[in-house]
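The block underneath contains the structure these notes are about, expressed in structure tokens.
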Amino acid sequence: MTIRVLIADDQEMVRTGFRMIVDSQADMEVVGEAADGAEAVELARRLRPDVCLFDIRMPRLDGLAATRALAGPDVPDPLRVVIVTTFDMDEYVYGALRGGAVGFLLKDSGPALLVEAVRAAANGEALVSPSVTVRLLEHLATPRPQAASPREQLTERELDVVRLVARGRTNEEIAGELYVSLSTVKTHLGNVQRKVSARNRVEIAAWAWESGLMR
């Protein structure tokens, strides 16, 4: 299956670079490009790409607002948005992830990480630049237990999985650290998503920090 990608950035050189990286992969193709956020939202709704790569600072509508419009909590059929930006600012990262983005990369992360993020998003996973993952969650998350109580009590093993997700571990790494199978990790994550009303592992990680679990 070919992963269909939409690129939105106000710099033509950046769009060209991303297009070359994406189109060089046998399982990916760029289906659209936008120079501003409003055009990105219109194209995304019309083309329904598998993954959207959005910059943050764009004319007419910034990347955060575009992300909320396409992947926010109230969107019934959200698209998968990965933010790729120059700006390593905590409020941007946190705003993007809470707005529904499933990934956040810095533009200097390199082609390999960009490709990995696209594949992760297409597979329902999430990828955040390692340099910002733990820092952004730890720095920004003010514990709000009253707003983050799970629907059901998490088991001790589910809490172990959540803590490792919040530390940026992959499913494979979690399986190795807890001495369980990969399918068991995925089962725990599915249960946690249901219990804390999270749509992906990024929201699970945010919940872990907000609820005070990581303190």
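The values are calculated or read from the model by the stated rules, or taken from the named source; none is laboratory data. Just so you know, these numbers come straight off a predicted model, no measurement behind them. Ligands, DNA and RNA are excluded from the accessible area calculation, which covers all protein heavy atoms including side chains. Shrake-Rupley method; radii C 1.70, N 1.55, O 1.52, S 1.80 Å.
Roll a 1.4 Å probe over the protein chains and send me the accessible area per residue for the chain in Å².
Result: 47 Å² per residue.
Here the accessible area is traced with a 1.4 Å probe on the protein chains. For segment 1-47, carbon and sulfur cover 50 percent of it.
Accessible area of F54 (1.4 Å probe, protein heavy atoms only, ligands and nucleic acids ignored): about 0 Å².
Which order do K195, K186, K107 take when ranked by solvent-accessible area (1.4 Å probe, heavy atoms of all protein chains), largest first?
So, going from the largest accessible area down, we get K186, K107, K195.
Full extension of the segment from A26 to Q153, taken as 0.36 nm per residue of separation minus the current Cα-Cα distance, would add 41.4 nm. Please work out whether segment 1-70 counts as rounded, prolate or oblate from its C-alpha gyration tensor, where a ≥ b ≥ c are the square roots of the eigenvalues and a/c under 1.5 means rounded, while otherwise a/b larger than b/c means prolate and anything else oblate? The shape class here is oblate.
Computed extension gain for T184 through M13, at 0.36 nm per residue and net of the alpha carbon distance, reaches 57.2 nm.
Using heavy atoms of the protein chains and a probe of 1.4 Å, the accessible area assigned to D23 is about 80 Å².
Taking only protein heavy atoms and a 1.4 Å probe, the accessible area of segment 64-123 is 53% carbon and sulfur.
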